[in-house]
Structure formats: structure tokens, C-alpha cells
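A.B. asks: Could you have a look at this structure, given as C-alpha cells, before my questions?
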Amino acid sequence: MNDYKETMQKILLEYYSNTPEGSKIQMQTSAVLSWFKGVIPSQPVNEHDVFEVLTDLGFKHSQKIIYEKNVIKKATKWEEEISEEIEVGRILVWNLYERI
């Protein structure tokens, strides 16, 4: 049987780093799993494997605040729109940095 975790580590480090040297990408574990499913069979790999790969490689997580735009006053021909960002949720995400 293939060692998919080792393959995932190699692929992950090919495109991303756990140090801030490139653009910061924040992804949930399920999103990282979906990314891998493009090249690794989906049945032998699950979120537990992805979690282990990310933690073994030293990737860190952070909290991401999700905002939604709330329009207070719609734009007209004569006036600009007035809106505000309202917090609608918080999620934990993995911090991956694109390799330069």
C-alpha cells in the first residue's frame, strides 16, 4: 500500500511553506483534503491524515473572522452607498504560505 501521508507532505511542501515568505493562504482541513483529492485517491485519505500531515510539518492555525457586508443606504445617482462589515462567524484555519 502507498504511503499517502508521505506523498501529501512532499506535495504540500512543494507549493507551500509554514513560514511567511509568500502570500498567506488560509484553509480549513477539509479544504486541504479536497485539494489533495486531485492527485491522491479519496478513499485511503481522510481529514485525520491531513491533520497529521499539517501538524507533523509544523503548520500553524489561526482564527479567521468571517464578515458580511451590511448595506445601510443604497447608492443613488447622487450619493455613494453606505455600508459596514458585520462579523457573522469565526472559524479556525491552517496558515499556508505560497512558495515564491
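A.B. asks: Please count how many residues of the range 58-100 are open to solvent by less than 100 Å² (accessible area, probe 1.4 Å) and in a strand (DSSP E or B).
C.D. replies: 21
A.B. asks: Scan the range 1-45 residue by residue and report those that are surrounded by 14 or more Cβ atoms within 10 Å (Cβ to Cβ), more than 15 Å from the chain's Cα centre (by Cα) and in a loop (DSSP other than H, G, I, E, B).
C.D. replies: 40, 45
A.B. asks: I would also like to ask the following. Considering 6, 68, 21, which residue is charged (D, E, K, R) and modelled with pLDDT of 90 or more?
C.D. replies: None of the other options fit; the residue is 68.
The values are calculated or read from the model by the stated rules, or taken from the named source; none is laboratory data. It should be emphasised that the depicted structure is a prediction, and the values quoted were computed from it without experimental measurement. A quick note on method: Cβ atoms are made from the backbone with ideal geometry, for glycine too, and the neighbour counts reach across all protein chains shown. SASA here: full protein model, heavy atoms, side chains in, ligands and nucleic acids out. Shrake-Rupley method; radii C 1.70, N 1.55, O 1.52, S 1.80 Å.
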